[in-house]
Amino acid sequence: MKKQQYIAAVACLVAGAIGFVSVYATEKGQERKQAEQNVAQETQQLSPASYEVQPKQKVVEEKEPSLEETIQTAEADTQQEVSEEKEESSVPTAVQETLHFEKNQTVWPIEGEILLDYSMDATIFFPTLEQYRYNPAIVIEGAVNDKVLSMARGKITKVSENEETGCTVTQDLGDGYTAIYGQLKELNFSEGDMVESGQVIGYVNEPTKYYSTEGSNVYFRLEKDGNAVNPKEYLPDMPMDTLE
């Protein structure tokens, strides 16, 4: 009797285990089926474009120059600068001539009577002004349109208009000597021009109001380091007929 009861109990346990396993398997199957349905629905909802492979954009990064490249660039820039400096230095520049006053090659600006002599030690009488004055130049008689010559070789540094001496030319003779010619017109040279000894600088003009009584003339002044000197001491002897 006890054996039969034992067998019946075991049978009940087996049946219960089988039932539990069956129910568990059924639930799992339903859960898996439901998961598959959910995945299918999500797949249908996705746009086809979402499955396209987007091409990767190429990112170009600026490459930092290496130390060697930097040095090469600096050397190239330096060579270019040196080349430009050589080109500039190769351009010929004007050579400035050094003037020297040649006393033995001087000529009179014009041959004529000395109307007013050089006088810085004592005053002399100026007829037009009717007064005695010092005279730092010599006033040489000349007819209107007579040629006025360059006393010596030199460079014209200034051309100006003066109330007393009219059209006036200043000429650098070198070694500190400067010649000044006044009462001129129709100049043949301009500032910066080099004039040889004896060349025609211009022509005698009508006298200014300061020399109306003396008449047409050439005002000639010679300076050494800015101080007036006697021009006759640097000019050849005047022909006797012009002194009469």
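Worth pointing out:
- Of the residues examined, GLU206 is one that is surrounded by fewer than 16 Cβ atoms within 10 Å (Cβ to Cβ), within 23 Å of ASP117 (Cβ to Cβ) and not hydroxyl-bearing (Ser, Thr, Tyr).
- Residue list for segment 127-141, restricted to those being in a strand (DSSP E or B), over 17 Å from ASN230 (Cβ atoms) and touching a residue at least 60 places away in the same chain (Cβ under 8 Å): GLU141
- Some residue of segment 161-170 being open to solvent by 40 Å² or more (accessible area, probe 1.4 Å), without any contact (Cβ under 8 Å) to a residue 12 or more places away in the chain and within 24 Å of ILE124 (Cα to Cα): no
- Exactly one residue among ASN227, ASN145, ASN188 is without any contact (Cβ under 8 Å) to a residue 40 or more places away in the chain and either of a type in the set (A, V, I, L, M) or over 20 Å from TYR118 (Cα atoms) (or both), and that residue is ASN188.
- Considering residues of segment 115-160 that are open to solvent by 80 Å² or more (accessible area, probe 1.4 Å) and aromatic (Phe, Trp, Tyr) only, the residue nearest to the chain's Cα centre (by Cα): TYR134
- Filtered by the rule that a residue be under 15 Å from GLN105 (Cα atoms) and assigned to a strand (DSSP E or B), segment 144-171 gives LEU149, GLY154.
- Condition check for GLN199: closer than 18 Å to ILE110 by Cα and surrounded by fewer than 17 Cβ atoms within 10 Å (Cβ to Cβ): yes
- Qualifying residue in segment 107-114 (condition: at pLDDT 60 or above, part of a helix (DSSP H, G or I) and either surrounded by 11 or more Cβ atoms within 10 Å (Cβ to Cβ) or among the hydroxyl-bearing types (Ser, Thr, Tyr) (or both)): no
The values are calculated or read from the model by the stated rules, or taken from the named source; none is laboratory data. The structure displayed is predicted, hence computed values, not measured ones. Note that we place each Cβ from the backbone using ideal geometry, even for glycine, and neighbour counts take in every protein chain shown. Note: accessible area is taken over every heavy atom of the protein model, side chains too, but ligands, DNA and RNA are not part of it. Shrake-Rupley method; radii C 1.70, N 1.55, O 1.52, S 1.80 Å.
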